[in-house]
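S.K.: To start, I am sharing the structure in question, which I have written as structure tokens.
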Amino acid sequence: MENRAEKIVFVTGGVLSSLGKGIIASSIARLFKDQGLKVNMMKCDPYLNVDPGTMSPIEHGEVFVTYDGGETDLDVGHYERFLGQNLSKKSSLTTGRVYSNVLNRERSGGYLGKTVQVIPHITDEIKSKIIENTRGYDVLFVEVGGTVGDIESLPYLETIRQLLTEYPENTYLIHGAYVPYLKASKELKTKPAQHSVKELLGLGIRPDMIVTRNEIALTDKERNKIAMFCNVQKENVIESVDVPSVYQIPLLMKEQDVDKIIARHFKLVLQENEHEKLRETVDKLFHSEGEVNIAIVGKYTSLDDAYISVTEAVKHGAIANGVKAKVDLVSAQELTDEAQLKEYDGIIVAGGFGESGIAGKLLAIKYARENNVPFLGICLGMQLSTIDFARNVCGIAADHQELVPNTKEPIIHLIEGQDLSNLGGTQRLGAYECQITEGTLAHEVYGSTLVEERHRHRYEFNDAYIEALEAKGLVFSGRNPQTGLVEIIENPANDFFIAGQFHPELTSKLTEPNPLFVSLVKYAKAGK
Ligand code: GLN
């Protein structure tokens, strides 16, 4: 990185996890992007999975799929939504991936004669992945998962230490720390933040900026304390106080001149952009009238983060329609009676894997179809919509090969080339084109006849059933132009009943909502 112009902002976290570092990092990144800089982002995760693709969504939340087919940490989803920019699979690095690369290199003789060690070999590998992500960009934001002090994150922090020392003018470290409010003494306590900075200092790392997470606003007293004990200037103590919507955070960072402070360090010139689009969108969020009540029916409802992109996409759709969205995660396993869905203006049946919750999902689909409730099916939700239609409208005892492998009526089946012997990264992953038939609901929704949406699944709709379903009115309105695979189905008997083999939630951004969610909310609002 000799004499490089590229800048790197590192973001670490202290005291506890779930601080919302990803949101803080992407909020600041958005400010830079709006001011004319080319921004890239990356998440370093300390776990040993090579990628999060094989993890259950109730472990670490949803698996976010990038356009180029990477199965990444859900923070990459936050980055894309805040930035309004697609990121690649290189935006997600795990310790598993780092070790796997180093060990493969060792086996192929790449370190011949050497003892392979955490320092320098693991740290060099991390460094090279970080440097690679700076190429072609002005500023790269690198968030380190976990909390400072964890054994697992040490190699990342050591890499950061080296880069901060080698390139002091081109690197910057933001440390996020929790500042708890003690009700009994009516005080914000800065001691945990001080301790987490001590941990960093012990590793040879001095933060340039502290971003506090606190329930109530910091006073001058706490700012002074944090500045003094955490070794930063007072103007570099920034707060991310609790706000009603995370989408306020970019502007909250703006008010505190975070972009200017960092740009000054880098000697970067920022355009005087007023962030109109961001302001307008956040303004709409707070001046919306009325509310739509949307159910997301899924099997991983015990963790909100398992459907974070779907929930956020509904919110984006609501902002576009000038309404508020109340989003409920409805457990498919506990869905046994249609009455449980009566209160909803719109229903989404989400993607998923395996047997559990299938009956509840089918119940939700049938209910939406028979009662003209605006409906959006996502991936498994689309597959099950064809099963509901085949069984309950066409009288075919259709089934899903994933659930009933030897079914005689495999309406959803494996196509050639799908390999079940290796479950990591072997699905149909990433962005594929979808050709849309003119005059259909899908055409109305997208306003285009060719779109791209992201996939993550193994099974496909079986073309042998097209005629039977079409004869009863189901419309196959989108297909992949290269393979002919079914992408979108819709039921014109209803006002809004549409389902895609893809995950439209993955492309929805705060300021560029996905059209399917905009339309779902539009119809939900109209049907109230
Ligand atoms: N389990 C289904 C498949 O593999 C659906 C996957 C999903 O909903 N993402 O095809």
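The values are calculated or read from the model by the stated rules, or taken from the named source; none is laboratory data. Because the structure is predicted, anything quoted here is derived from the model rather than measured. Using ideal geometry, Cβ is built from the backbone for each residue, glycine included, and neighbour counts are taken over all protein chains shown. All accessible areas refer to the heavy atoms of the entire protein, side chains included, with ligands and DNA or RNA removed. Shrake-Rupley method; radii C 1.70, N 1.55, O 1.52, S 1.80 Å.
S.K.: Against the definition (touching a Pro at 6+ places or on another chain (Cβ under 7 Å), at pLDDT 95 or above and either polar (S, T, N, Q) or surrounded by fewer than 17 Cβ atoms within 10 Å (Cβ to Cβ) (or both)), how does Gln435 come out, yes or no?
M.R.: Numbers: touching a Pro at 6+ places or on another chain (Cβ under 7 Å): yes; at pLDDT 95 or above: yes; either polar (S, T, N, Q) or surrounded by fewer than 17 Cβ atoms within 10 Å (Cβ to Cβ) (or both): yes.
Yes; evaluated as a whole, the condition is true for this residue.
S.K.: Restricting to the stretch 273-322, and then to whatever is in a loop (DSSP other than H, G, I, E, B) and under 14 Å from Leu251 (Cα atoms), can you tell me which residue is most open to solvent (accessible area, probe 1.4 Å)? Outline the logic, then answer.
M.R.: So in the stretch 273-322, the residues in a loop (DSSP other than H, G, I, E, B) come out as 273-275, 287-290, 299-303, 321-322.
Checking the rest, the ones that are also under 14 Å from Leu251 (Cα atoms) come to 273-275.
On the way: Asn273: 45, Glu274: 100, His275: 2 Å².
Going through the qualifying residues, I end up with Glu274.
S.K.: Give the residues of the stretch 335-374 that are within 16 Å of Ala325 (Cβ to Cβ) and outside any loop (DSSP other than H, G, I, E, B), sorted by residue number.
M.R.: So in the stretch 335-374, the residues within 16 Å of Ala325 (Cβ to Cβ) come out as 343-348, 350, 373-374.
Passing the criteria: Gly346, Ile347, Ile348.
S.K.: Out of all the residues in the stretch 394-413, which are over 31 Å from the mean Cα position of the chain (by Cα), in contact (Cβ under 8 Å) with a residue 24 or more places away in the chain and within 16 Å of the ligand (Cβ to nearest atom)?
M.R.: Listed by number, the residues that qualify are Ala398, Pro410.
S.K.: Consider the stretch 335-381. How many of its residues are away from the ligand (no atom under 16 Å from the Cβ), within 26 Å of the chain's Cα centre (by Cα) and charged (D, E, K, R)?
M.R.: 1
S.K.: Another question about this same structure. Which of the following residues is surrounded by fewer than 21 Cβ atoms within 10 Å (Cβ to Cβ), under 22 Å from Thr66 (Cα atoms) and away from the ligand (no atom under 16 Å from the Cβ): Pro481, Pro492?
M.R.: The match here is Pro481.
S.K.: Looking at Pro192, Pro155, which is the one that is in contact (Cβ under 8 Å) with a residue 12 or more places away in the chain, within 30 Å of Ser245 (Cβ to Cβ) and part of a helix (DSSP H, G or I)?
M.R.: Details: Pro155 fails: within 30 Å of Ser245 (Cβ to Cβ).
Unique residue meeting the criteria: Pro192.
S.K.: Quick one: would you say Ala217 is buried (at least 22 other Cβ atoms within 10 Å of the Cβ), among the aliphatic types (A, V, I, L, M) and within 31 Å of the chain's Cα centre (by Cα)? Write out each step before concluding.
M.R.: On the way: buried (at least 22 other Cβ atoms within 10 Å of the Cβ): no; among the aliphatic types (A, V, I, L, M): yes; within 31 Å of the chain's Cα centre (by Cα): yes.
Spelling it out, it is not the case that Ala217 is buried (at least 22 other Cβ atoms within 10 Å of the Cβ), among the aliphatic types (A, V, I, L, M) and within 31 Å of the chain's Cα centre (by Cα).
S.K.: Is it the case that some residue within the stretch 384-403 is out of contact with any strand residue (DSSP E or B) (no Cβ under 6 Å at 6 or more places or on another chain) and modelled with pLDDT under 95?
M.R.: Checking the stretch 384-403: at least one residue is out of contact with any strand residue (DSSP E or B) (no Cβ under 6 Å at 6 or more places or on another chain) and modelled with pLDDT under 95.
S.K.: Additional query: Out of all the residues in the stretch 375-398, which are part of a helix (DSSP H, G or I) and open to solvent by 30 Å² or more (accessible area, probe 1.4 Å)?
M.R.: Within the stretch 375-398, the subset part of a helix (DSSP H, G or I) is 380-392.
Within the stretch 375-398, Arg391, Asn392 meet the criteria.
S.K.: For the stretch 159-183, how many residues meet the condition of being among the basic types (Lys, Arg) and at pLDDT below 95?
M.R.: 1
S.K.: Taking the conditions exactly as written (more than 16 Å from the ligand (Cβ to nearest atom) and either more than 26 Å from Ser309 (Cβ to Cβ) or free of Cβ contacts under 8 Å to residues at least 60 places away in the same chain (or both)), does Glu433 satisfy them or not? Even if it seems obvious, please write down each step before you answer.
M.R.: On the way: more than 16 Å from the ligand (Cβ to nearest atom): yes; either more than 26 Å from Ser309 (Cβ to Cβ) or free of Cβ contacts under 8 Å to residues at least 60 places away in the same chain (or both): yes.
Against the criterion (more than 16 Å from the ligand (Cβ to nearest atom) and either more than 26 Å from Ser309 (Cβ to Cβ) or free of Cβ contacts under 8 Å to residues at least 60 places away in the same chain (or both)), Glu433 qualifies.
S.K.: Mind checking which helices (runs of 4 or more DSSP H) fall wholly inside the stretch 14-127 and carry at least 1 residues that are within 30 Å of Val243 (Cα to Cα)? Walk me through how you get there before you give the answer.
M.R.: Working: elements: 21-34, 57-60, 74-83, 95-107.
Answer list for the stretch 14-127: 21-34, 57-60, 74-83.
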